[in-house]
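See below for the structure under consideration.
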Amino acid sequence: MAMRAAAELLALEAAAIEPILQAADDMDFDLPTVCTGWSVRDVMAHCAAALSRIAADDLHDFSPEANEEDVEARRGQSPGQLLAELITGYEGAAEAIDSAGGALDGIGLGEWIHGGDIRDALGLPGAYESGGIELAIDLLIERSHAIGKPAVTFHIGDNVYVFGVGEPQATLSTDRPTFVRICGGRQPDPQRYRIDGEVGVEEMVLFS
């Protein structure tokens, strides 16, 4: 039986991010990311904590305060220690997400986006367009429906999608990584999208 899309996405991200972090220099882990106040090391700590919690069925509310506590608890760990927990967490969390019937899909998607945050901070190309991008776009659309975001028709190349619910109130033209940035609240470049209508890109943010 095929894995749930969010679990497959997480497995793909694990394979993509491990060699990048293994090859990173010590100073790279202190680079700032698009996540306000967090370095690469902090994003790793957050992801390691979140994935470990999912694998162990020890969830909290994943509020900014709770996430910051998880990061603070790992301040003294080396990048190698964080990476070890992160990789172990990916495997266990993918299994848990696959068994959760959709309840944890949003967390799996969010952790994939965090992989993009790390690549972006390291200056790597295709930061938010790694393996599984098609799965990620489908999951972002599903999340927009579940949250009840206002509907936007959006075009990526020759493909047309509908974000949100109800009658479309705007039209967006962009590329795949910029769509991920928009939905993730990751400072999308205004030169890489055009939106016309009654909905702004700030209303398309799915993760706070």
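Taking Cα atoms only, the orientation of helix 133-147 departs from the longest principal axis of the chain by about 70 degrees. Residue separation of H155 and D30 scaled by 0.36 nm, minus their Cα-Cα distance, works out to 41.4 nm of gained length.
What is the sum of charges around G184, taking Lys and Arg as +1, Asp and Glu as -1, for the other residues whose C-beta is under 11 Å from the C-beta of G184? In short, +1.
Computed from phi, the 3J(HN,Hα) profile of region 66-75 under the Karplus parametrisation 6.51, -1.76, 1.60 (θ = phi - 60°) reads 5, 5, 5, 4, 4, 5, 4, 5, 10, 4 Hz, with x in place of Gly and Pro.
Quick check: residue separation of A2 and D196 times 0.36 nm, minus the Cα distance between them. What number comes out in nm?
Values: separation 194, 0.36 × 194 = 69.84 nm, distance 3.83 nm.
Contour length minus Cα-Cα distance gives 66.0 nm.
Packing, as the average of other Cβ atoms within 10 Å across residues, places the peptides 144-155, 129-140 in the order 129-140, 144-155, highest first. Amide H to amide H distances under 5 Å link A170 with T153, E198, where only residues 5 or more positions off or on other chains count and H is placed in the peptide plane. The candidate values were [x] 0.96; [y] 0.94; [z] 1.01; the one computed from these coordinates for Rg/Rh (Cα atoms, Kirkwood Rh) carries the label [x].
Nearest 10 degrees, 0 to 90: what angle lies between the long axis of helix 40-56 and the longest principal axis of the chain (Cα atoms)? The helix 40-56 is inclined about 90 degrees to the chain.
Evaluated at q = 0.18 Å⁻¹, a Debye calculation over the C-alpha positions of region 5-121 (equal weights, vacuum) places log10 I(q)/I(0) at -0.85. Relative to the longest principal axis of the Cα atoms of the chain, helix 105-121 runs at roughly 80 degrees.
Let me check I've understood the local charge: for D58, count other residues with C-beta under 14 angstrom from its C-beta, Lys and Arg +1, Asp and Glu -1. What total comes out? Please report the intermediate quantities before stating the final value.
Numbers: positive: R53; negative: D57, D61, E69, D70, E85.
Net of charged neighbours comes to -4.
Bear in mind these aren't lab numbers, they're just calculated from the coordinates by the rules spelled out. On a predicted model such as this, the values are computed, not experimentally measured, just so you know. Virtual Cβ from ideal backbone geometry, glycine too; neighbours counted across all protein chains shown.
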